[in-house]
Amino acid sequence: MQLGETICAGCRTDTPPSHWRGVSPLRPRPSQSPPALFPKETVGWERLLAHAEQPSARLDRALLLCSACGERFPSTQLARCPFLPFRHQVTMPSFPTEAGMDTLACSHFSASCTPNGIPEKEPCNSPEKERKWIRPDIPSKCTWELGKSPSESPHRHVARAETPKIMPDILKKIGDTPLVRINKIGKLFGLKCELLAKCEFFNAGGSVKDRISLRMVEDAERDGILKPGDTIIEPTSGNTGIGLALAAAVKGYRCIIVMPEKMSMEKVDVLRALGAEIVRTPTTARFDSPESHVGVAWRLKNEIPNSHILDQYRNASNPLAHYDSTAEEILQQCDGHVDMIVAGAGTGGTITGIARKLKEKCPECKIIGVDPEGSILAEPEGLNNTDRTTYEVEGIGYDFIPTVLDRSLVDKWYKCNDEESFACARMLIRDEGLLCGGSSGSAMSVAVKAAKELKEGQRCVVILPDSVRNYMSKFLNDKWMTQKGFMKEEDDIINKPWWWHLKVQELCLSAPLTVLPSVTCEKTIEILREKGFDQVPVVDESGLILGMVTLGNMLSSLLAGKVQPSDQVSKVIYKQFKKLSIESPCKMYNLIRLQDNLGKLSHILEIDHFALVVHEQIQYHSNGQSSKKQMVFGVVTAIDLLNFVTAQERRRKAT
């Protein structure tokens, strides 16, 4: 084979790049054996190039991505790759500029020396090489700079269009959201400035993510990446998924959404109604693990033909949608007078796109970033120091820095917490009539702090990302708020049953059954079946609670091949619990204390199958200091509570 000839996964021929335009991927010739460019035992050799996925024009000038070394090479210079004996696969092409074949345009905002996430120091035979994925946190190489002429922009910009009186489809109802004055909350917090809310929940799909979803789809169509009949796959917290599913429903694409388990069921229901397929992933999985929503999405992309991850974390269309539309709308609505912008950061596209335009048009405008406790997006890094690793607010915060987030534009970061966020979201609904979501409360809770430095006559704009529609069973629900510890039960609430204020210690709980983390899954299942239990606490040698394991979770993990019967039970510890104890609110176990009332226990059991009853011990150390230690007292289920109430009812009637 001559240099530049490449195996096509469609027609299986060794075709020079200059002839790609004339080759049809729809006429496979399996009788032809592939040339021996690579050893046959090399994984993925037949997928060297799937030119069926490339645009129909300029194929001979496309830069090919090597999944082994992570470099992009012109099609005729693959020999430059230091991993040539290994696997190569083409992903979304990045076309070169007119200046030269080796100069990358910024068409996807994310060109990097390691776009597939494989560190350069990694050995060639690393198992990480078998994971065909592109990290969502690779450094951006976008060449945008404040002060540059618009003619030097590396991006294609789209001018705002007037909204037609009769829209051809619902996608035209994305953008042009209202800017609403906040009248009561600003006065309540003593603000002197004008406080305005950009209500992004008026978009067709109900969130700010509709803007980037439509832009990513249309840009991919324009570039020839997305074609009729293709599949859109996206890892998301839900709102981008809804926006993509909306666009896919109108345009006729198949849509698969991968999102963490903590996201609300309302989002799942909306996605299903739009025809999307949904895959849930563990909330606690790190972004770079195969089980994360990012990892699972890439696994699906590699297995499903003609599928594409538009990738909101790296796609330039994300911030460009806000640079070209959201920011322009704010400037027009405010007549160019904006002194402060407050926005939450998730992927970072919203705050990056708006900030770039505002810094160009209103250089004195302050950009305030909002990041939840437990996330690592804020700067300086010291702001992120916390024991909290999880949070209930959806759509903002991450455990990595997305490529599209330009943190240099943010003048000051504020951290927010769940309690303030949900309280402020409820305040926006109750006092201002704005039916917004929890992350809107996050932004407003920070705005009332940051805007205190503004004077009379100045203006602060707050971005409200989505609506309450997605959270009807969450922060809008009193029981959920109480169960999560964000609301306190009022003692004077009427119409509570007679047993409501009895203490948990009134229950007749049997001696607790616990297992050590070193016990095997096989032995644990045997114990649970023998004792007739469905779950058991896992504790260390000192009795400290490590988590819970359930019979159902272990069996499903065994059947899925995630664990073996001989594996330690520590591999299947179930951690999706919220600790109600005041002393350590950041831990994720569903614990209840002996002195808590049965009303609180009933709230827990409405959502979860069981709760872990604990009592606290004060332990003194040799240095004279003391610490509180929680010990397992028992496990209580809904059946236990029901049996207790029924037995007490009979006694009450008998007397």
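Read the figures in this text as sums done on the coordinates, not as results from a lab. Model, not experiment: these values are computed from the prediction. Note: ideal-geometry Cβ built from the backbone for every residue, glycine included; neighbour counts use all protein chains shown.
Structure summary
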quantity	calculated
Residues Ser442, Ser602, sorted so that the one with the fewest Cβ neighbours within 10 Å comes first	Ser602, Ser442
Trypsin sites (Lys or Arg not before Pro) within region 415-488: DSSP coil, no more than 11 neighbouring Cβ in 10 Å	Lys455, Lys488
C-alpha center-to-center spacing [region 613-655, region 293-333] in angstrom	49
Linear extension gain, Glu261 paired with Thr646, 0.36 nm per residue minus alpha-carbon span	135.1 nm
Of the GluC sites (Glu not before Pro) in region 143-221, those whose Cβ has at most 13 other Cβ within 10 Å and which sit in DSSP loop	Glu145, Glu162
Radius 12 Å from Cβ of Glu373, net charge of other residues (Lys, Arg +1; Asp, Glu -1)	-4
Kirkwood Rh, Cα atoms: Rg over Rh of region 206-253	0.94
Sorted by Cβ density within 10 Å, fewest first, the residues Ser467, Ser556, Ser408, Ser570	Ser408, Ser556, Ser570, Ser467
Prolate/oblate/rounded label for region 209-309 (Cα gyration tensor, a/c 1.5)	oblate
C-alpha center-to-center spacing [region 254-271, region 201-224] in angstrom	17
